[in-house]
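Structure first, commentary second.
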Amino acid sequence: MRGNMRRPVCMIGLAFVILIRLYLYLHPLPAAELYDAHQTGVVVTGRVDQKEYRISNEQEILVIYLKNVQVIDPRINNFKIESVICRLDKGQEPKMGSYVRIQGKLYAFDRATNPGEFDAAQYYRISGIQAQIHNAVILEESASFDGFREGLYRVRTYLSALLDVCFGEKDASIMKAVLLGEKGTLDEATKLLYQQNGVIHILSISGLHISIIGMGLYKMLRKIRCPAIANVILSIAFIYCYGVMTGMSISAYRAVMMFGFHAAAGLFGRTYDMLTAMAATAVSALIRQPLYLYHSGFLFSFGAILALGLFLPAMEENLLWADCKIRFIPLLEKRLAAGLAVSVATLPVYLCFYYEYPLYSLILNVLLIPGMGTVLADGLVSLAAAAFYLPSGKYVSLPAKFMLALYEHACTFVLSLPGSRAVPGKPENWQVAAFILILCAVVLCSRKWSRLQFWMFTLSALICLTLRYQGGIQITFLDVGQGDCIYFTDDRGGHYLIDGGSSSKSDVGTYRILPFLKQAGADRLDAVFVTHLDSDHYNGIQTLVEDMGESGIAVDNLILPDIGTAARSEAYLELEALALRQGIAVQYIHRGDRLRRGTLQLTCLHPEKGTEQGNNEASVVLYLEYGAFSALFTGDLEGSGEEAVGNQLRDMMPEEQRITVLKAAHHGSRNSTGADFLETVSPRLVLISAGKNNRYGHPHEELMNRLDEAGCRILETAESGAVTVRVTRGGGRVRVRTFLGG
């Protein structure tokens with residue numbers, strides 16, 4: 001920040017960002033209105049703005065992006081939206097810039113309904129895309145099109161085909177991402193491996209690519225004595241075309257713009273200032289799309305430049321090894337310092353989007369990034385060789401193949417090291433604000449403070465960002481569609497899960513439960529309770545157990561209902577065996593068992609030990625007590641089981657005592673949570689976990705009437721998303737927050 005008075009563009013840019021962020025906080029941009037057209041067949045017209053191939057269900061399909069879209073639906077009035085994605089049937093490929101009429105089924109993007117869950121609607125909204133069309137068929141295409149962009153697309157298609165020849169299928173998908181910006185065909189396992197190690201950015205078009213390609217061309221033109229003005233114009237034009245050809249992601253846009261400033265500065269006899277160029281580029285991007293402030297690529301890309309321009313100079317003045325007689329290799333020192341500066345400054349972004357941090361990523365970045373120059377250069381030479389004589393590309397590509405294999409082995413090895421991934425969870429807004437303020441103070445006062453003070457304040461910023469205060473307990477009823485999943489904590493930092501499954505949401509463990517646990521900082525579950533072995537209560541738990549070594553979430557104990565041998569289904573035995581293979585302790589719970597952690601007590605009210613009852617009637621029922629607060633978790637309890645639990649509660653609870661929170665049994669079915677049971681527990685709040693518009697008719701109208709008559713407050717995960725109940729220490733105060741309702 002030092003010297004910013006000589007950088008008025010930086011100050012203007014900072015003020016602009018603050019104003020945009022404040023405006024978006026006070027006036028969130030509304031989602032596109034699809035009226036009643038969601039999940040219906042429609043005809044749309046629009047201009048083809050972009051197209052790419054993606055892998056879907058192990059098949060390669062063409063996806064096009066339409067701009068200025070008119071939706072034609074005979075049932076309602078026609079309406080306009082900014083942009084849609086169309087997944088085309090085979091054999092169709094319109095030209096860039098052409099106007100098309102397309103028929104297909106229109107879908108809105110899914111909104112996140114749980115903390116930590118990927119919000120597809122917001123992700124695509126940032127790119128200006130409001131909906132998607134499946135099984136699209138082109139009915140009509142205009143004769144006019146954008147010859148410039150179609151030509152660049154054809155070049156990319158040709159180069160993509162050459163990479164397929166030069167590299168194997170797996171390596172070709174990586175090289176396409178690295179050189180051409182094609183991520184749709186990137187191998188998912190490779191993508192996950194790079195992401196888990198914190199080096200996913202090397203697979204994106206960024207400043208490294210632009211500097212190697214752009215500066216390489218610039219220097220080559222200088223060597224052949226190209227006039228300066230022609231050199232600058234040709235270099236900028238070439239890099240712009242490269243950016244357009246590769247899709248002009250936000251990181252590529254930042255790199256292209258800053259390259260243009262760098263090249264033009266010399267031409268006009270001005271000194272290139274990285275921070276000024278960055279500020280001007282950021283302002284231009286935000287004018288085009290203010291929602292970039294919520295985009296991880298924007299925040300990572302510009303955050304890295306801020307780290308190099310502001311934090312790195314301050315850090316270099318306070319390096320711990322600066323006074324050592326024995327020094328590292330200067331180039332290695334510089335790379336290590338730059339990597340550390342970027343890692344520290346972008347940590348809030350990493351935690352806010354991924355909730356975990358790969359602890360060895362700094363070392364990996366220092367080791368791998370220099371090699372990317374070799375990979376890029378050899379990839380370009382391979383393309384040139386293959387274009388000249390096709391078979392030669394296979395031999396020229398050997399160095400890049402070797403480097404990619406080395407990268408994969410290095411990432412796999414690092415991931416296997418102990419403590420390779422920390423899961424501190426998503427920081428609160430006040431923590432991010434405090435981190436930024438402390439880091440700004442560190443930069444401003446770096447020359448006034450001692451080296452010890454510099455690093456103490458830097459460390460305090462990191463601690464402030466990752467510290468988690470556990471006061472009281474928290475219970476979250478996740479929205480898993482037609483199923484159950486309940487997470488709760490004790491006041492000593494313990495994490496627990498009751499059920500985790502769905503019959504309406506695919507792979508609920510991967511896409512809903514795991515992200516939630518990571519954002520909550522629950523890297524270890526003390527116990528996972530399975531009330532019974534219906535798939536809508538345990539298939540997500542099965543995913544947790546199967547992926548325990550890779551997901552970063554460990555499970556200490558799996559607790560199953562202590563039912564008779566004859567009642568143990570095949571699913572029960574398979575889950576039990578899987579947990580034992582994974583080194584998880586398997587325990588069995590029956591009526592009378594208790595778990596105590598501090599002032600929290602969890603009592604099992606059902607089933608009887610060794611019962612031979614069926615799944616629902618043998619559901620585990622857990623009664624949680626924390627001071628004056630109480631909660632009852634009933635699984636799919638019904639029939640004689642519900643009657644038995646009601647009798648127990650009448651004996652246990654003082655007269656006139658009300659249960660604070662009740663999880664309605666069996667997703668709100670008609671035959672559960674009967675009138676007598678309700679009279680006994682007299683809940684203040686009832687949670688119903690069921691899928692929206694499910695085929696079972698849950699929650700049933702008769703149950704809703706019973707709850708209304710009992711004077712309960714009712715919340716449904718299908719309408720409210722995840723519901724979080726926070727209880728202050730001792731159970732004195734209870735706060736309820738819904739994910740979709742505030």
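The values are calculated or read from the model by the stated rules, or taken from the named source; none is laboratory data. Quantities reported herein were computed from a predicted structural model and do not represent experimental measurements. Counting neighbours? That spans all protein chains shown, and the Cβs are built from the backbone with ideal geometry, glycine included. Accessible surface is based on the protein model in full, side chains and every heavy atom, while ligands, DNA and RNA are left aside. Shrake-Rupley method; radii C 1.70, N 1.55, O 1.52, S 1.80 Å.
Tabulated data
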| item | result |
| --- | --- |
| Selection within segment 160-172 - within 15 Å of residue 403 (Cα to Cα) and either open to solvent by 10 Å² or more (accessible area, probe 1.4 Å) or modelled with pLDDT under 90 (or both) | 168, 170, 171 |
| Members of segment 191-216 found to be open to solvent by less than 20 Å² (accessible area, probe 1.4 Å), closer than 15 Å to residue 374 by Cβ and of a type in the set (Val, Ile, Thr), listed by number | 202 |
| Test for residue 102: is it in contact with a Leu (Cβ under 7 Å, 6 or more places away or on another chain) and under 16 Å from residue 136 (Cβ atoms) | yes |
| Pair list, Cβ < 6 Å and 6+ apart or interchain, from segment 397-425 residues that are free of Cβ contacts under 8 Å to residues at least 12 places away in the same chain to residues that are in a helix (DSSP H, G or I) and open to solvent by less than 20 Å² (accessible area, probe 1.4 Å) | none |
| The listed residue being closer than 27 Å to residue 606 by Cβ, in contact (Cβ under 8 Å) with a residue 12 or more places away in the chain and open to solvent by 10 Å² or more (accessible area, probe 1.4 Å), out of 492, 524 | 492 |
| Matching option when the condition is under 18 Å from residue 97 (Cβ atoms), in contact (Cβ under 8 Å) with a residue 40 or more places away in the chain and buried (at least 16 other Cβ atoms within 10 Å of the Cβ), among 125, 156 | 156 |
| Pair list, Cβ < 7 Å and 6+ apart or interchain, from segment 202-221 residues that are free of Cβ contacts under 8 Å to residues at least 24 places away in the same chain and assigned to a helix (DSSP H, G or I) to residues that are of a type in the set (A, V, I, L, M, F, W, C) and open to solvent by 20 Å² or more (accessible area, probe 1.4 Å) | 217/238; 221/234 |
| Residue 248 being part of a loop (DSSP other than H, G, I, E, B) and surrounded by 16 or more Cβ atoms within 10 Å (Cβ to Cβ) | yes |
| Wholly within segment 352-435, helices (runs of 4 or more DSSP H) carrying at least 3 residues that are open to solvent by 60 Å² or more (accessible area, probe 1.4 Å) and farther than 17 Å from residue 172 by Cα | 361-388, 398-416 |
| Residues being open to solvent by less than 60 Å² (accessible area, probe 1.4 Å) and touching a helix residue (DSSP H, G or I) at 6+ places or on another chain (Cβ under 7 Å) - total across segment 628-663 | 12 |
| Qualifying residue in segment 446-464 (condition: open to solvent by less than 40 Å² (accessible area, probe 1.4 Å) and in a loop (DSSP other than H, G, I, E, B)) | yes |
| Top-ranked residue of segment 56-107 - restricted to ones that are more than 16 Å from residue 134 (Cα to Cα) and among the polar types (S, T, N, Q), ranked as surrounded by the most Cβ atoms within 10 Å (Cβ to Cβ) | 98 |
| Conditions (1) surrounded by 13 or more Cβ atoms within 10 Å (Cβ to Cβ); (2) touching a residue at least 40 places away in the same chain (Cβ under 8 Å); number of the one not met by residue 598 | (1) |
| Residues located in segment 41-59, provided they are touching a residue at least 40 places away in the same chain (Cβ under 8 Å) and either of a type outside the set (Val, Ile, Thr) or in a loop (DSSP other than H, G, I, E, B) (or both) | 41, 46, 47, 49, 50, 51, 52, 53, 54 |
| Residue ID - surrounded by the fewest Cβ atoms within 10 Å (Cβ to Cβ), chosen from residues in segment 467-485 that are within 21 Å of the chain's Cα centre (by Cα) and touching a residue at least 60 places away in the same chain (Cβ under 8 Å) | 476 |
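Table: residues versus (1) open to solvent by 10 Å² or more (accessible area, probe 1.4 Å); (2) of a type in the set (Ser, Thr, Tyr); (3) in a helix (DSSP H, G or I); (4) touching a residue at least 24 places away in the same chain (Cβ under 8 Å).
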{"position": "241", "(1), (2), (3), (4)": "yes, no, yes, yes"}
{"position": "272", "(1), (2), (3), (4)": "yes, yes, no, no"}
{"position": "284", "(1), (2), (3), (4)": "yes, yes, yes, yes"}
{"position": "287", "(1), (2), (3), (4)": "yes, no, yes, no"}
